[in-house]
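So the structure is just underneath, and the comments pick up after that.
The values are calculated or read from the model by the stated rules, or taken from the named source; none is laboratory data. These figures come from a predicted structure and were not determined experimentally. Here Cβ is always computed from backbone atoms with ideal geometry, including for glycine, and neighbour counts include all displayed protein chains. With ligands, DNA and RNA removed, areas are computed over all heavy atoms of the protein, side chains included. Shrake-Rupley method; radii C 1.70, N 1.55, O 1.52, S 1.80 Å.
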Amino acid sequence: MKFLIFVCCLLIGIPQVNALSSEEEIIRLKKGEYYFYYLTEDYPSAMTRLMQLRNSNALGKELDVMEATMLLSLGLNAQAQEIFEKIKQKGGEPSSKSWFYLARQWFDLGEFSNVVYSLDQIDPLKINLDVQLESKFMKASAYMELGEHSKAQSIIAGMTRDSIWTGYARHNYIIAMMNGNSTGRSLNLLIEDATFYLPETQEAKHLRDRINLISAIYFLELGQNRSAMKYLKLISLEGPYTPAALLQYGWASVEQGNYEKALQPWRELQTRFNLFDPDVMESMLGLPQVFELMKAYTQAIKSYESIEKRLLLMDQFIISTQHEVQDASWLDSWISVQTDLRWGWQSKIDTTLPFSDVSGLLHQMLSEDSMVNGLGEYRDLDIITRYLKEKERDLKLWKGMLQSRKSEAITRNLNPQFEKAERTIVESNSAYDALLKIFNDSSDNIFSLPTIEQRSSLETLSSSTLNLEKLIKLNTATRNVDSYKQRLSRVNGLLLWQMNEMKPKMQWQLQSDLINTKRYISEAKKQLEETKLADKWSVSSWHGLEDRVDDLLLSTSALRNKTEEDRMVVRNRLVLKAQDYLLSQQKRIKDYLAQSRLSIARLYDEALQRRLALGDVSAKEARQ
Amino acid sequence: MRFLYTVLLLAVSVSLQAEMPQTSSEVRQKALTVKQSVLQLNRDLYQLEEDLLSPATTQTSVFLSLTNGEFFEPYSINVLVDDRQPIQYLYTERQVDALRQGAIQPLKDLNLGPGLHTIRAIAKGVDHNGQARELTVEKQIEKHDQPLYIEFKIQDKKEMNSADLIISQW
């Protein structure tokens, strides 16, 4: 009895367990799908899946950090901040890689206490070496920003010496030491260490140049010109820091009284680099000043005059390019060369403008962080606007398709086809029954299952029998039909024997054909039922979708309009910024122009004074 | 002289920067709101497209998962339903890594009519010795009026130092 109850309980329990596990399995698949998009860094798709899973509580504490990482990656920092606070309160257990990405985003945003907190959650054994080094660099830099230099120093001391990340950490530490007015030997040693152990890559070469340049400028400001010269000489002549290095090398030489030594780097600066580069422009006025210091007044005047002409040309060039900057065609051509069509942090933005007059002019402005961020925002909004336009068009197409499908589903009449199919099945059933009867009768009738040859032989025998009967009736003395009779009996017997021998095989064949026919007829019946069902469902399967399409179309249009407005605001802001930059360039040119003209006047005046003093010119001539 | 230039330049840049932050943050805030709305809209659009493309009566989603993946690393998969509607997919290293970490790949959403269907899959890849291998599976599945979920699972058979491809459905 007990056993029976146990079995009953089991039987009742099994379907419930199955139903539950099936739901769980579907959630597991959806969760796995979300992880797939997350781990392959397709964050927009992952976000869509995540929002669907939010209500089901399918994911654990990991979800919060992953969502924060994705929000950060899409540039939604405020929402990420909110989630980050929640994680802090709950004390979750997310993966080390999630914390690393989160830390990296906080680092970019300059939220250094959050950087330290996020990096403290990482288990170093669960991330690879390069990620470990980048984490240490971020942590050391964050500590420096927070004023905890000893902690930063101990982190740097523990880093691999020849890694680029160690180089960046040391670079930041050098700047921190300079900000703390450190002048000791330790600074020189740190600079040497930082540049010596860097790997032989292009990135490391630029970093080496940068460290040497900031060190040189620092020592120049302290008046330690020889130390400055030492670092300036180490900067390569083919890098982004070359113009600044050449300019500073000139000034350092001037400070030391080596006027001739200052001329060469400045001449090189003016011939090799963009004239609108501030370093180049500064060197333009520096050159005649050095001539003055060398007491080469005629050369100084000639130099000032040539600079005046050059500055006027530059001013005219800016005026002629201004309308191109104003109509924002440079922004459109920049957008058209972007290859990555994703928006957010993950996307690769090419900040280089296509080569043109405008790009040459705005070259310096594009290296400013605010401009790069502005361009990134404009690009994001442009991509979103295009995406929304596309979706709007898609929704309109869906709407048309739904309407035509709906009317088709309502007006479609498949009954004649179904009736025809039913008739065919009924006819097939009758044919089957007839064949079944033949099969059932075949055991009693020896002639029931003849082959085509046997049927023809039977027909021949029947006609031969009739002919023989006719011959017997016409029997005459001269005609003896006995031999024919014997032959007919023999052939008849032979045929019967053959048919009897083949009958089991024929019956077996017929039986298997009948089984197959029965199966085909039942499959056709099932297919017909399923088709009828599909026809019935097709009307209801589109129910409510038209309203949903309408609603989404409205919200998409509204959002598209809003995005378009924001895009235009950012566009106008960028244009304004470019115009302001041009104005500042013009102002700088005008200042330099005024300086050169004043210097020219002063030099002519001084020359006149000298000639007057020497008696070369009379006071009357001078007044004229 | 240099000092004068520096002061002039600083004055220009400071005056520019002083105007920017407020405008910039306003614009950034607007852009953030747009991005948030787009994410929300994306979810609704995705759900609608799913429903439009595959009503529950015909909706069939095909997935692929990899358990451990010690004895088989997939390079590609080819799925045939009723000898048509082929799904072909080539895997990148990052996708295989994601699968190994427990992710499940959504292979494709299909529309299948009610009734019985034959589904066949061939996964090509390499075993733990780097030798080329093919895993094949074939099964008959039945579609009812509810959405159908099919999972191809590549799972290790440790006792045989091999892997197997199986089909599950819900």
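Worth pointing out:
- Each residue in region A:516-569 was checked for being assigned to a loop (DSSP other than H, G, I, E, B) and not polar (S, T, N, Q), and 3 of them qualify.
- Selection status of A:I127, among the β-branched types (V, I, T) and at pLDDT below 80: yes
- Filtering region B:104-128 to residues that are in contact with a strand residue (DSSP E or B) (Cβ under 8 Å, 6 or more places away or on another chain), at pLDDT below 90 and not in a strand (DSSP E or B) leaves B:L112, B:G113, B:P114, B:D127.
- Identity of the residue in region A:574-600, within 17 Å of A:L311 (Cβ to Cβ) and open to solvent by 60 Å² or more (accessible area, probe 1.4 Å), that ends up farthest from the chain's Cα centre (by Cα): A:L598
- Single residue of region A:175-207 satisfying the filter (under 15 Å from A:A228 (Cα atoms) and either of a type in the set (K, R) or touching a Leu at 6+ places or on another chain (Cβ under 7 Å) (or both)) that is surrounded by the fewest Cβ atoms within 10 Å (Cβ to Cβ): A:R185
- A:Y484 vs. criteria surrounded by 15 or more Cβ atoms within 10 Å (Cβ to Cβ) and more than 14 Å from chain B (Cβ to nearest Cβ): yes
- Residues of region B:53-84 that are surrounded by 18 or more Cβ atoms within 10 Å (Cβ to Cβ) and over 19 Å from the mean Cα position of the chain (by Cα): B:P55, B:T57, B:T58, B:F71, B:F72, B:V81.
- Cβ-Cβ under 8 Å pairs, at least 6 apart or on other chains, region A:399-427 side free of Cβ contacts under 8 Å to residues at least 60 places away in the same chain and closer than 14 Å to A:K536 by Cα, far side β-branched (V, I, T) and open to solvent by less than 90 Å² (accessible area, probe 1.4 Å): none
- Residue in region A:23-41 that is modelled with pLDDT under 80 and under 24 Å from the mean Cα position of the chain (by Cα) present: yes
- Number of the exception - A:E238 against (1) assigned to a helix (DSSP H, G or I); (2) closer than 21 Å to A:F355 by Cβ; (3) open to solvent by 20 Å² or more (accessible area, probe 1.4 Å): (1)
- Residue check for A:T160: surrounded by fewer than 20 Cβ atoms within 10 Å (Cβ to Cβ), of a type in the set (S, T, Y) and in contact with a helix residue (DSSP H, G or I) (Cβ under 7 Å, 6 or more places away or on another chain): yes
- Subset tally (residues that are polar (S, T, N, Q), at the interface with chain B (Cβ under 9 Å from one of its Cβ atoms) and out of contact with any strand residue (DSSP E or B) (no Cβ under 8 Å at 6 or more places or on another chain)) for region A:519-568: 7
Listed here are the residues, each with its yes/no results for (1) open to solvent by less than 70 Å² (accessible area, probe 1.4 Å); (2) within 13 Å of another protein chain (Cβ to nearest Cβ); (3) modelled with pLDDT of 75 or more.
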| position | (1), (2), (3) |
| --- | --- |
| A:L341 | no, no, no |
| A:G344 | yes, yes, no |
| A:T351 | yes, no, no |
| A:P354 | yes, no, no |
| A:L361 | yes, no, yes |
| A:E377 | yes, yes, yes |
| A:R386 | no, yes, yes |
| A:L414 | yes, no, yes |
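- When we screen A:T298, A:T321 for residues that are of a type in the set (S, T, Y) and open to solvent by less than 60 Å² (accessible area, probe 1.4 Å), the only hit is A:T321.
- The set of residues from region A:217-234 being open to solvent by less than 60 Å² (accessible area, probe 1.4 Å) and in a helix (DSSP H, G or I) comprises A:I217, A:Y218, A:F219, A:L220, A:N225, A:S227, A:A228, A:M229, A:Y231, A:L232.
- For A:M314, the requirement of being in a helix (DSSP H, G or I), touching a Lys or Arg at 6+ places or on another chain (Cβ under 7 Å) and among the hydrophobic types (A, V, I, L, M, F, W, C) is not met.
- Taken over region B:135-163, residues that are acidic (D, E), over 28 Å from B:G115 (Cβ atoms) and part of a strand (DSSP E or B) amount to 1.
- If you go through region B:84-135 and keep only what is more than 14 Å from every other protein chain (Cβ to nearest Cβ), without any contact (Cβ under 8 Å) to a residue 24 or more places away in the chain and of a type in the set (G, A, S), you end up with B:G130, B:A132.
- Residue match in region B:52-67 (condition: assigned to a helix (DSSP H, G or I) and at the interface with chain A (Cβ under 8 Å from one of its Cβ atoms)): yes
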